[in-house]
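Read the structure below first, then the notes.
The values are calculated or read from the model by the stated rules, or taken from the named source; none is laboratory data. This one's a predicted model, so the numbers in the text were calculated from it and none came from an experiment. Cβ placement follows ideal geometry from the backbone for every residue including glycine, while neighbour counts extend to all protein chains displayed. The area values use the complete protein model at the heavy-atom level, side chains included, leaving out ligands, DNA and RNA. Shrake-Rupley method; radii C 1.70, N 1.55, O 1.52, S 1.80 Å.
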Amino acid sequence: MQLYPAHAAEALEFNKVCQLLKQHCRTDAARERVEELRFHTRLDYVERELQHTNEFKWVLKGSDYFPNDFTRNVQKELRLLAVPGAVLTGEQLLAFRNLALNIRDILLWFKRHDKLFQHLREIAEKISYQKEIPDTISAVIDDNGQVRDTASRELMQIRAELSSARQNLRKVFESVLRKLNKQGYLADISEGFLNGRRTVAINAEHKRIVKGILHGESESSRTVFIEPEETIELNNEIFSLERAESREIHRILAQTTATLSVYAPQLEGYYHLCGIYDFIRAKALLAIDMNAEMPRLSPHPGVHLVKAHHPLLYLHNKQTGKPVIPLYITLDRNQRVLIISGPNAGGKTVSMKTVGLLQLMAQAGLLIPADPQSEIGIFKQLMIHIGDTQSIEHELSTYSAHLRDMKYFMDFANGKTLFFIDELGSGSDPNLGGAFAEAIVEELAHRHALGIITTHYLNLKVMAGKVQGIVNGAMAFDEEHLEPLYQLTVGKPGSSYTFAIAQRSGLAPKIIERARQITDRGHFKLDKMLHQTEQQSQKLKEKEKEVDRLLKENERLKQNYEELTDKEKLKQHYNTLKLQNQIKKEELDYLRDMERKFKQIIHDWKKAENKQDVIKAAENVLFRKKQIQANAAMAQKADKNYEVVGSEPQVGDLVRNKINHQVGTLKEVRDKRGIVNIGKMPFNVNLEEWIVVRKKSNNEGKKKKKNQS
């Protein structure tokens with residue numbers, strides 16, 4: 001994958017993910033693979049890498065341990081093995097033995113799990129275990145890396161003679177020590193070693209009395225170290241045997257190294273395989289840490305994320321116990337450019353970075369923290385413009401650097417490009433910058449590139465219905481508590497909450513009011529409508545939850561209907577709930593209708609020449625809320641004085657309108673029509689919109705009032 005600029009991966013914090021991955025590596029070979037991670041554009045390669053990690057994740061979650069325990073770096077030893085005449089030490093040969101045995105254990109593990117973990121198994125398909133490697137080494141090297149006595153007949157004989165000579169030396173030396181101690185010549189009764197020879201410590205004044213070879217003296221010159229005359233020949237014999245032992249050990253090691261050199265390609269393959277499995281293990285451990293899954297893959301460019309999280313934010317909040325709001329987002333041929341708007345610090349940039357980082361992770365073969373129903377396409381290019389890119393060195397202002405990046409986007413973006421632009425058009429005059437931003441978005445959409453743009457420009461927010469392939473997104477904001485909700489809603493633009501945030505931040509009211517006066521009235525009205533639309537949408541969600549709760553309660557009452565003895569009371573209660581549900585449904589329908597009308601107002605705003613007419617139409621829609629509030633007050637009053645009977649309406653019954661909750665007397669019935677007197681005025685009505693009620697007695701009213709208290 002081609003990245004622009006060169007630090008794009010770092011700007012999306014992919015390097016931090018690599019650092020976390022490297023912490024799970026146990027071998028230098030695996031750490032080298034992390035440093036060499038690349039973003040691949042071949043679907044089969046990406047799928048294979050993801051399958052490896054996914055299978056190893058299930059291995060780690062299981063109870064059967066995968067035996068990849070060899071962690072030593074033997075690259076130096078492998079190079080020496082290829083050099084004629086090179087000699088490896090016993091420890092180096094032991095490392096090769098352990099490497100071969102580890103491969104044996106891995107192959108046996110796959111044999112025990114026949115037909116399972118096919119993708120992990122394929123990595124080791126061309127590897128064969130050479131039993132001769134550990135056998136050759138074990139014949140001459142013990143578990144401590146020392147050459148065995150049985151490595152050769154000559155070595156066995158030399159070590160036997162050496163053991164006997166050392167034993168004789170010890171006896172003679174102890175005899176000399178006892179004699180010199182009795183004579184009072186010793187400065188220290190313990191023996192010493194100088195120049196590899198056994199010596200005794202003699203007081204300096206007696207050094208000419210004790211016969212032997214002087215090897216040295218103490219710093220104070222009060223003590224001298226003499227090799228006794230009786231042990232000189234024995235020490236010479238031992239020294240000669242030790243040299244013979246070293247020569248034989250060197251010969252054995254050289255012979256064993258030469259024998260192993262034939263297996264150098266196999267040993268190199270073993271080391272390579274252990275590094276691969278350690279690398280996959282590290283990726284699987286990281287996936288478990290961040291609750292990552294394998295997404296579905298598509299050969300076509302596109303992104304469909306379900307319950308996605310920013311991996312670094314997820315790990316941070318996991319430690320602090322904070323929840324992470326999941327991200328739902330789709331970019332495809334029909335929905336190519338997502339324009340995210342909303343308040344500052346509301347999560348726009350984080351949402352954008354989440355998509356970019358997860359795309360890089362997937363194309364690098366890493367599982368992503370998202371639902372497995374997510375789908376990732378393959379992109380050939382990834383371009384970003386995030387943060388302040390001004391450059392003193394190259395004499396570029398923020399906006400100049402911005403235009404430089406946009407020029408690159410315009411020159412090279414295509415249908416296989418994924419791009420991210422943070423605060424498009426910032427750093428310049430708002431009107432001119434907005435015009436350039438709109439032209440850039442149009443060109444990117446025309447080039448069929450896919451990407452995300454964050455902005456505060458109103459003209460970009462209204463492009464969704466104007467240019468095919470562009471869709472709006474809004475970051476939710478809790479205006480009451482002045483807190484971002486970090487929740488992305490796709491399909492509508494968001495308000496910047498400029499005045500709301502300023503008001504609650506303690507800024508002087510006169511400053512805020514002056515800002516309102518200075519602000520272009522049309523822009524202020526449009527942002528206000530976006531603000532109200534978003535608040536209505538949040539209320540809509542709350543109403544939907546309330547309706548769901550009431551419907552569940554209604555269903556529960558229906559299920560218990562036959563178990564209750566007082567069927568008439570249950571019926572009345574059921575009808576009351578039904579009426580309440582109808583009221584809630586009407587409010588919900590109203591909110592949905594309001595949202596539809598706001599979208600139409602925004603659409604009209606773009607096309608209308610007289611903006612004031614559009615604003616007046618919007619105000620007319622907003623003031624309908626007073627009628628709804630009046631109906632709600634009538635409903636509360638009716639609930640207080642009347643209770644639902646629920647029978648078929650008959651002449652003379654008290655009836656209540658389901659919409660405006662007026663109460664009247666039914667005077668005449670004509671099929672589904674009727675005449676109802678409200679006060680002294682008769683009205684021709686549709687009886688389906690009316691329900692039979694009866695007036696509550698004073699005792700019932702007082703009892704209900706007491707219960708409410």
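The table below lists the values:
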{"quantity": "Gln146/Lys307 FRET efficiency (R0 45 Å; Cβ-Cβ; nearest 0.05)", "calculated": "0.20"}
{"quantity": "Percent accessible area from carbon and sulfur atoms, the stretch 49-97, protein chains only, probe 1.4 Å", "calculated": "52 percent"}
{"quantity": "Centroid-to-centroid separation of the stretch 66-95 and the stretch 27-47 [C-alpha atoms, Å]", "calculated": "25 Å"}
{"quantity": "Relative contact order [Cα under 8 Å, 6+ residues apart], the stretch 1-101, whole percent", "calculated": "22 percent"}
{"quantity": "Inter-label distance for Ser164 and Arg673, nm, one decimal - labels placed 7 Å from Cα along Cα-to-Cβ", "calculated": "13.5 nm"}
{"quantity": "Cα-Cα P(r), the stretch 225-265, percent of pairs per 5 Å interval", "calculated": "5, 20, 14, 14, 10, 9, 9, 6, 5, 4, 2, 0"}
{"quantity": "Between the stretch 220-253 and the stretch 356-371, the Cα center-to-center distance that results, in Å", "calculated": "66 Å"}
{"quantity": "Sequence of Phe409, Phe436 from largest to smallest accessible area, 1.4 Å probe", "calculated": "Phe436, Phe409"}
{"quantity": "The stretch 282-345: C-alpha gyration tensor shape, a/c 1.5 cut-off, then a/b vs b/c", "calculated": "oblate"}
{"quantity": "Accessible area of the stretch 243-304 divided out per residue, in Å², using a probe of 1.4 angstrom", "calculated": "41 Å²"}
{"quantity": "FRET efficiency estimate (nearest 0.05) - Cβ-Cβ, Asn15 to Gln662, R0 45 angstrom", "calculated": "0.05"}
{"quantity": "Residue-count net charge about Leu101 - beta-carbon cut-off 14 Å; Lys, Arg +1, Asp, Glu -1", "calculated": "-1"}
{"quantity": "The stretch 130-180, accessible surface, carbon-and-sulfur percent (1.4 angstrom probe)", "calculated": "43 percent"}
{"quantity": "Accessible area of Ile133 in the full protein assembly, 1.4 Å probe (Å², nearest 10)", "calculated": "0 Å²"}
{"quantity": "Computed over the stretch 47-185: relative contact order in percent, which uses C-alpha pairs under 8 Å that are six or more apart", "calculated": "23 percent"}
{"quantity": "Relative contact order for the stretch 633-679, counting Cα pairs under 8 Å that sit 6 or more residues apart, in percent", "calculated": "28 percent"}
{"quantity": "Pairwise label distance in nanometres, Tyr65 with Asp114, each label 7 Å out on the Cα-Cβ vector", "calculated": "2.6 nm"}
{"quantity": "Peptides ranked, highest mean first, by Cβ atoms within 10 Å: ranges 438-451, 138-151", "calculated": "438-451, 138-151"}
{"quantity": "Accessible area, probe 1.4 Å, largest first, for residues Trp109, Trp690, Trp58", "calculated": "Trp58, Trp690, Trp109"}
{"quantity": "Extension gain from Asn181 to Asn291, taking 0.36 nm per residue of separation minus the Cα-Cα distance", "calculated": "32.1 nm"}
{"quantity": "Chain lengthening between Asp411 and Asn73 when straightened (0.36 nm per residue, less Cα-Cα)", "calculated": "117.0 nm"}
{"quantity": "Cα shape, the stretch 192-316, gyration tensor, a/c 1.5 rule", "calculated": "oblate"}
{"quantity": "Sequence ranges 100-108, 349-357, 68-76, ranked by mean other-Cβ count within 10 angstrom, highest first", "calculated": "349-357, 100-108, 68-76"}
{"quantity": "Where only C-alpha atoms are counted, convex hull volume of the stretch 119-259 per residue in Å³", "calculated": "161 Å³"}
